[in-house]
1. Taking the range 7-27, which residues are under 13 Å from residue 198 (Cα atoms) and in contact (Cβ under 8 Å) with a residue 40 or more places away in the chain?
2. Taking residue 98 and the conditions (1) open to solvent by 50 Å² or more (accessible area, probe 1.4 Å); (2) closer than 30 Å to residue 150 by Cβ; (3) in contact with a Phe, Trp or Tyr (Cβ under 8 Å, 6 or more places away or on another chain), which numbered condition does it fall short on, given that it satisfies the others?
3. Among the residues of the range 39-48, are any out of contact with any helix residue (DSSP H, G or I) (no Cβ under 9 Å at 6 or more places or on another chain), touching a residue at least 24 places away in the same chain (Cβ under 8 Å), open to solvent by 30 Å² or more (accessible area, probe 1.4 Å) and farther than 25 Å from residue 192 by Cα?
4. Need at least 2 residues that are open to solvent by 30 Å² or more (accessible area, probe 1.4 Å) and closer than 18 Å to residue 29 by Cβ per element, so show me which strands (runs of 3 or more DSSP E) inside the range 148-243 make the cut, counting only ones lying wholly within it.
5. Looking at 44, 39, which is the one that is of a type in the set (Ser, Thr, Tyr) and not in a helix (DSSP H, G or I)?
6. Inspect all residues belonging to the range 102-115 and state whether any of them is part of a loop (DSSP other than H, G, I, E, B), open to solvent by 30 Å² or more (accessible area, probe 1.4 Å) and within 17 Å of residue 175 (Cβ to Cβ).
7. Is it the case that some residue within the range 57-66 is closer than 20 Å to residue 11 by Cα, under 16 Å from the mean Cα position of the chain (by Cα) and open to solvent by 10 Å² or more (accessible area, probe 1.4 Å)?
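The values are calculated or read from the model by the stated rules, or taken from the named source; none is laboratory data. This one's a predicted model, so the numbers in the text were calculated from it and none came from an experiment. Don't worry about glycine lacking a Cβ; one is built from the backbone with ideal geometry, like all the others, and counts go over all protein chains shown. In case anyone asks, the SASA skips ligands and DNA or RNA and just uses the protein heavy atoms, side chains included. Shrake-Rupley method; radii C 1.70, N 1.55, O 1.52, S 1.80 Å.
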Amino acid sequence: MDAKIKTQSLNLFYGDFHALGDITFDIPAHAITAIIGPSGCGKSTLLRVFNRMNDLIPICRVEGEVFLNGEPVNRADTDVVALRQKVGMVFQKPNVFPMSIYDNIVMGPRHQGVKNKGKLMEIVERSLRQVAMWDEVKDMLKKPGQSIATGQQQRLCIARALAVEPEVLLMDESCSALDPESTMKIEELMVELAQKHTIITVTHNMEQAARVSDMSAFMMIDEHHVGRLHEYSKTDEMFLNPRDKLTEDYITGRFG
């Protein structure tokens, strides 16, 4: 599969603390890649490298290269706003804005310059249909986004990210706060979206990684407390025949 994102000798520091060490791998397009590993190994930090969310932390420094479609993304002249439109993010807890369902979704397109009400309504309907919410909320678009159920709020956040038509969707433990039914809906949605988008998800749920992902990246902390990529392969290969005993122990729940 063609690589959507590539990293080469990626290192990340918080001041003097070395958080990520020498990470090199290719993330395929139109697939779901799961980043797994014990708490504190740098999974979410790695995820945030891909759309430069770590830039918001003053003491953070990145060395090495990250490429999106073959173009470097961590250079000083990178248009970070444009990058985040291409690489959207959904967080662990739904971060619905304190405004209506409609306004949550059109915020991004309006920022891009879309003003026509008919066009905005088309974007709202398309985005909500993508997350299987249109029939649920089409008659209550002016209702506050924070007033709907938690599972719906998370799907609304995904719809909001999809409204600007990103190429990549980052999902940071996006099901951890949801009930089983809502989790199933998000997983089904991820599989559907991967037909047109590249999905990268951080999860502690091994069953979920096995169910939905095409590729799995297993991260660990070394003896110096640096987060490193320990094993990376197709999910079926990793879960059925891991190359390393440590990977097998983590996947089978012996530690972590």
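1. To start, the set of residues in the range 7-27 that are under 13 Å from residue 198 (Cα atoms) comprises 26-27.
Across the range 7-27, the qualifying residue is only 27.
2. Of (1) open to solvent by 50 Å² or more (accessible area, probe 1.4 Å); (2) closer than 30 Å to residue 150 by Cβ; (3) in contact with a Phe, Trp or Tyr (Cβ under 8 Å, 6 or more places away or on another chain), only one is false for residue 98: (3).
3. Initial filter on the range 39-48 (out of contact with any helix residue (DSSP H, G or I) (no Cβ under 9 Å at 6 or more places or on another chain)): 39-44, 46.
Add one more test, that the residue is touching a residue at least 24 places away in the same chain (Cβ under 8 Å), and what stays is 39-44, 46.
Checking the rest, the ones that are also open to solvent by 30 Å² or more (accessible area, probe 1.4 Å) come to 39-40, 44.
Among the residues that remain, those that are also farther than 25 Å from residue 192 by Cα are: 39-40.
The answer is yes; a qualifying residue exists.
4. Numbers: elements: 168-172, 198-202, 215-221, 227-234.
By residue number, 227-234.
5. Numbers: 44 fails: not in a helix (DSSP H, G or I).
After ruling out the rest, the residue left standing is 39.
6. We begin by selecting, within the range 102-115, every residue part of a loop (DSSP other than H, G, I, E, B); these are 112-115.
With the extra rule that they be open to solvent by 30 Å² or more (accessible area, probe 1.4 Å), the set shrinks to 112-115.
Checking the rest, the ones that are also within 17 Å of residue 175 (Cβ to Cβ) come to none.
Scanning the range 102-115 turns up no residue that is part of a loop (DSSP other than H, G, I, E, B), open to solvent by 30 Å² or more (accessible area, probe 1.4 Å) and within 17 Å of residue 175 (Cβ to Cβ).
7. Within the range 57-66, not a single residue is closer than 20 Å to residue 11 by Cα, under 16 Å from the mean Cα position of the chain (by Cα) and open to solvent by 10 Å² or more (accessible area, probe 1.4 Å).
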